[in-house]
Structure formats: structure tokens, C-alpha cells
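Every number in this text was worked out from the coordinates using simple rules, so none of it is lab data. Note that this is a predicted model, so its numbers are computed, not measured. Cβ: placed from backbone, ideal geometry, glycine included. Neighbour counts: every protein chain shown.
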Amino acid sequence: MRLASLMAGCFLAAQSVLAGPVYAAVYECKTRPTTDAGWISSKVMFEIQENPLTVFVYDGYIAKYHGDVLQAKVIERTDKKITFEWDVKDINLSNRNQRVTATYVATYSFIDKALRMRVYLRGGMDMPPPKGVGPCKPYKSKS
């Protein structure tokens, strides 16, 4: 719940500095890895702003390695889905003496109300991309 409260506060702060009306929807997703490699947070929250089209995202890895909501790059937007990506940089691997960047690619289906994710690790990691999936629902503030 702390993650949700923090994320909601960051979204409100981001909206207050934008000029003009912002039409936004915030989603909370309970995700699980579909591979054994990890790298998928148990909760992912994202906000879609329509004017202009922008996505902000937050999860446990962003909280740990970046600390604040990240703006994602929108790859594709249709009436059925939106695909976006973001980078979590400078992740120190505990089992190796190296740092990597994790590029997350996520697709949210407006029909299935589900998020599907892949993670591409850059910086010396040669492995198939970890994947995850989970249902999403509109986020409702507890305040």
C-alpha cells in the first residue's frame, strides 16, 4: 500500500506542473513472473495521460534503483492496447561485479485488462528476457 500511496502522490505532483487539462487513468496491476529469471515486480502501477499521450510508471525496481516515477516511451497506442517501455539504469548485480540497465516493455490490453511485460537486460547479461503478466484495475486512492 505504501507503494500505491507514493505513486499516487508522485502522479498528482506531476499533474500539477503540467499546463492545461490532463485526462488521466491510473492502473494498478498485480503481476507475476512467467519465467524463473525474476525481474518482475509483484505490483506495477502506471498512468496514461491523453493530452498529450504520456505514460508514467512505477514498480518495486523503480522504487529501489530510481526512487521516483519514470516517464515511459509510448511505442504504440490503439483502441485495444497501449505498449510502452522504460529503462531502469545502473542496477548493481549482487552476484556479479557489474551494473546493468533493464529495459522494460509492457503492453496493457484495454480488452483483457491485463499487463504483459518483457525485460531486456543490457550490460553483459546474455539470457532470454524475463516475462511477466498480471491483471490490472483502475487505481482508487484510499484517502
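In this structure the amide hydrogen of Thr34, modeled in the peptide plane, comes within under 5 Å of the amide hydrogens of Lys131, Gly132, Val133, none closer than 5 places in sequence on its chain. Take the Cβ atoms of Lys64 and Arg99, set R0 to 22 Å, and the FRET efficiency comes out at 0.95. Structure note, pairs Lys30/Lys73; Lys30/Lys89; Lys80/Lys140; Lys64/Lys140; Lys43/Lys131; Lys89/Lys140: Cα-Cα distances above 20 angstrom occur for Lys30/Lys73; Lys30/Lys89; Lys80/Lys140; Lys64/Lys140; Lys89/Lys140.
The label-point distance for Arg32 and Phe110, in a model that sets each label 7 Å from Cα toward Cβ, rounds to 2.8 nm. The overall shape of segment 19-143 is prolate: from the C-alpha gyration tensor, with semi-axes ordered a ≥ b ≥ c, the ratio a/c is 1.5 or greater and a/b exceeds b/c. Between Asn51 and Asp87, the modelled labels are 3.2 nm apart [label points 7 Å from Cα along Cα→Cβ].
Computed from phi, the 3J(HN,Hα) profile of segment 72-87 under the Karplus parametrisation 6.51, -1.76, 1.60 (θ = phi - 60°) reads 9, 8, 7, 8, 8, 9, 10, 6, 9, 7, 9, 10, 9, 9, 8, 10 Hz, with x in place of Gly and Pro. Of all alpha-carbon pairs in segment 27-81, indicate the percentage at a distance above 18 angstrom. Value for segment 27-81: 41 percent of Cα pairs lie more than 18 Å apart. Sequence-ordered 3J(HN,Hα) estimates for segment 103-108 from the Karplus curve with 6.51, -1.76 and 1.60 and θ = phi - 60° stand at 9, 9, 10, 10, 10, 9 Hz, glycine and proline given as x. Label zone (Ser141, point 7 Å along Cα-to-C-beta; backbone nitrogen cut-off 18 Å) within segment 47-65: 47-50, 56-58. In order along segment 38-48, phi translates into HN-Hα couplings of x, 6, 10, 6, 6, 9, 10, 10, 8, 10, 10 Hz, rounded to whole numbers, per the Karplus curve 6.51 cos²θ - 1.76 cosθ + 1.60 with θ = phi - 60° and x for Gly and Pro.
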